[in-house]
Amino acid sequence: MNPYWNRRVRKLEPYVPGEQPRGRKFIKLNTNENPYPPSPKVLEAIRGAAGDLRLYPDPACTALREAIAEAAGVKPAQIFAGNGSDEVLAFVFAAFFQAPDPVLFPDITYSFYPVYAGLWDLPFETPPLTGDFRIDPADYRRPSGGVIVPNPNAPTGILLEPGALLSLAEDLARQNRVLVVDEAYGLFAGPGAHSLLGAASLVPHIEAHPNLLTVHTFSKMASLAGLRVGFAIGNEALIEALCRVRDSFNSYPLDALAQAGAAAAAADGAYRAETAARIRAQRERVTGALRERGFETLPSAANFIFTRRPGIRGADLSAALRERGILVRRFDGPRTGDFLRVTIGAAEDMDAFLEALDAALAAGRA
């Protein structure tokens, strides 16, 4: 290690994102990107905002928060916007989780959580998923510095029913602790009461649970991974805490183009609903096709599936697919190493995936 690094940098174990290839063209089913283009209204809004970039963007993201509030059925004051949900999550760890009690999150989940805990010097513990890869809320009913869980979970895609999480929020409220529910993939669980939220979203319950915060991203549901816009929804006091952290770090986290594009995306609920429905249809089709081929595929409510073929090493199958131009994601570990996480693409992408899978199996390369 370089002698100029400080103690914090020396102990960090940074997050490793999914491969973004250069050169050879692949069908990318490895980073949960939406296969469809953004709403045409997004591009129109970005062109309009590009007319004058001399001035700093609105630090409060007012128009964006108003558009999100309209689509989500909440007040603008209950919304925090940031540079992708990853930045929002980093601020969440800084604002709410309290040492010396450990932050709790699942042992198989979004792998950025332990990175954030390390960045902010927070102890953490990881209750294991059950034998069928589900979160058991009973494992989180103990003293802690706070709890964060994705719903649906990643990389499994399994959805936890809202009632179980609301009961956990009540338990944490008695400890003066926060429950954060990462709803990055929530829209793909099915349409909800509001056009921005999935059927299992906890956003309708934030008024009754002041210690409940949900986190969202436009990357998946609105095809804006390249624009980097995320947001949180919760009680006004929780939002104020996030603003205090943001304004101690970077009071202009979202540029003018991102704000304009994301506001247009938030307002176009019909387009978002159409693309999400296509993805759900492909998810069910491919899940059935994999099970017909002898794969164990977990029940997913996200825009990806988690699957394995008993008796075949995940590393071998991933390599064989890569040779055939298909990228998927794999996570090392005793319980996850043979699983592949496969993003749901457009119909032609999934046809190509299944064809490549059949070819790899027939060739005995996997």
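The values are calculated or read from the model by the stated rules, or taken from the named source; none is laboratory data. Owing to the predicted nature of the structure, the values given are computational and were not obtained by experimental measurement. A quick note on method: Cβ atoms are made from the backbone with ideal geometry, for glycine too, and the neighbour counts reach across all protein chains shown. Ligands, DNA and RNA are excluded from the accessible area calculation, which covers all protein heavy atoms including side chains. Shrake-Rupley method; radii C 1.70, N 1.55, O 1.52, S 1.80 Å.
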Name the residues whose placed amide hydrogens come within less than 5 Å of the amide hydrogen of TYR36, ignoring near sequence neighbours (fewer than 5 apart) on the same chain. none
Heavy-atom accessible area of THR156 with all protein chains present, probe 1.4 Å, nearest 10 Å²? 0 Å²
Helix-only CD estimate at 222 nm, as mean residue ellipticity for the chain, using -39500 (n - 2.57) per DSSP H run (n ≥ 4): -11500 deg cm²/dmol
Could you grab the relative contact order for the chain? Cα pairs under 8 Å, six or more apart, rounded to a whole percent. 23 percent
Counting alpha carbon pairs within less than 8 Å and at least 6 residues apart, what relative contact order, in whole percent, applies to region 131-288? 18 percent
With the calculation restricted to Cα positions, what are the radius of gyration and Dmax of region 62-203 in angstrom? 15.0, 45
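In Å², what does the accessible area per residue of region 310-366 work out to with a 1.4 Å probe?
Solvent-accessible surface per residue comes out at 43 Å².
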How large is the dipole of the chain about the Cα centre if only Lys and Arg carry +1 and Asp and Glu carry -1, each at its Cβ, rounded to the nearest 20 debye? 900 debye
A correct Karplus calculation of ³J(HN,Hα) over region 291-299, with 6.51 cos²θ - 1.76 cosθ + 1.60, θ = phi - 60°, whole Hz and x for Gly and Pro, returns 5, 5, 8, x, 8, 8, 10, 5, x
Apply the Karplus parameterisation 6.51 cos²θ - 1.76 cosθ + 1.60, with θ equal to phi minus 60°, to every residue of region 2-15 and state each ³J(HN,Hα) to the nearest whole Hz, in sequence, with x for glycine and proline. 5, x, 7, 6, 8, 4, 4, 5, 4, 8, 5, 10, x, 5
Quickly rank 210-218, 20-28 as a protection proxy: mean count of other C-beta atoms within 10 Å, highest first. 210-218, 20-28
The percentage of the accessible area of region 313-359 (probe 1.4 Å, all protein chains present) made up of carbon and sulfur atoms, to the nearest whole number, is 45 percent
The long-range amide H neighbours of PHE304, using H built 1.01 Å from N in the peptide plane and a cut-off of under 5 Å, are ILE344
Place a +1 charge on the Cβ of each Lys and Arg in region 4-86 and a -1 charge on the Cβ of each Asp and Glu, then give the dipole magnitude about the Cα centre in debye, rounded to the nearest 20. 520 debye
What does the highest-first list of 356-363, 125-132 look like by mean Cβ count within 10 Å? 356-363, 125-132
Would you mind working out the accessible area per residue for region 194-302, using a 1.4 Å probe, and quoting it in Å²? 37 Å²
Can you tell me what share of the DSSP beta bridges in the chain is antiparallel? A percent to the nearest 5 is fine. 55 percent
Roll a 1.4 angstrom probe over the protein heavy atoms and tell me the percent of accessible area of region 97-139 that is carbon or sulfur. 58 percent
Among TYR140, TYR271, TYR56, the residue with the largest mean-square fluctuation in a Gaussian network model of the chain built from Cα contacts under 10 Å is TYR56
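Rounded to the nearest whole Å², what accessible area per residue is found for region 1-159 with the 1.4 Å probe?
In whole numbers, region 1-159 has 50 Å² accessible per residue.
Using only the C-alpha atoms of region 1-78, find the volume of their convex hull and express it per residue in Å³. Walk me through the numbers on the way to the answer.
Numbers: hull volume 21.5 nm³, N = 78.
Hull volume over Cα atoms, normalised by residue count, gives 275 Å³.
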When the charge dipole of region 24-86 is computed with +1 on Lys and Arg Cβ and -1 on Asp and Glu Cβ about the Cα centre, the Cα farthest towards its positive end, among ALA63, PHE80, SER39, belongs to SER39
Hydrodynamic radius by Kirkwood, which averages 1/r over all alpha carbon pairs of the chain, in angstrom: 21.3 Å
Cα to Cα, under 27 Å, and not fewer than 8 places away if on the same chain: which lysines meet these conditions relative to LYS25? LYS220
Quick one: Karplus J couplings for region 160-168, per residue in order, coefficients 6.51, -1.76, 1.60, θ = phi - 60°, nearest Hz, x for Gly and Pro? 9, 5, x, x, 5, 6, 5, 5, 5
